[in-house]
Amino acid sequence: MNTSTATTRPSMRAAAQRAGRFVLLASLCAASMAWAVPSVTYSAIDLADTTVGEDLWRYDYSVSGPLLAFEQINVFFVQTSYASLASLSNDATIDMLPTQPDTSLPADGYVTVTALNPLTASDKANLSVSFVWKGAGAPGSQAFETLDDQFNVVGGGITQAVPEPSSVAMMLAGIGLALPLAARRRRAAKR
């Protein structure tokens, strides 16, 4: 038996295993990219009312990809809770078109956000929509759908509220108080 053949077989086997791991890793990355979906976060701001009997609010949205050029997100405004949608600002990387809720049909309103350029998962587009709130309490999360560049619905989700800085500070303070208490209880239980 040739000794050089015996020594190359294990190294060829190791190289094949490394190549197999690389193919598996590449497949997992491609699969995770296929499952990546855009996200929409919001802050709801109560505005000064300009018309008697109307409760004026604004949503400040942040949309992050992935979205390819000309793919869209429709954010829905339930017709029993929202009226008088108006786009206040929009990012240069997106186009925004509000469609009013219609109580006579009844049909929900929506804001269509179209990506003019691709948005990666680390990119963010910011936009604002003012509206009259007809519901009780404060406005909250909304449903949204994503559409490809051929207007086929390819996914969806729920908008997520951005926590206010005071809420985050209170949560961190609570954790800071709870950790020493838990440690004290563990020490007491060991005795």
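The values are calculated or read from the model by the stated rules, or taken from the named source; none is laboratory data. Model, not experiment: these values are computed from the prediction. FYI the Cβ positions are ideal-geometry reconstructions off the backbone, even for glycines, and counts take in every protein chain you see.
Just a few scattered comments:
- Failed criterion for T146 (all others in (1) more than 30 Å from N74 (Cβ to Cβ); (2) of a type in the set (V, I, T); (3) at pLDDT 90 or above hold): (1)
- For the range 55-85, the set of residues classified as of a type in the set (A, V, I, L, M, F, W, C), farther than 13 Å from S141 by Cα and more than 15 Å from the chain's Cα centre (by Cα) consists of L56, W57, L68, A69, F70, A83, L85, listed by residue number.
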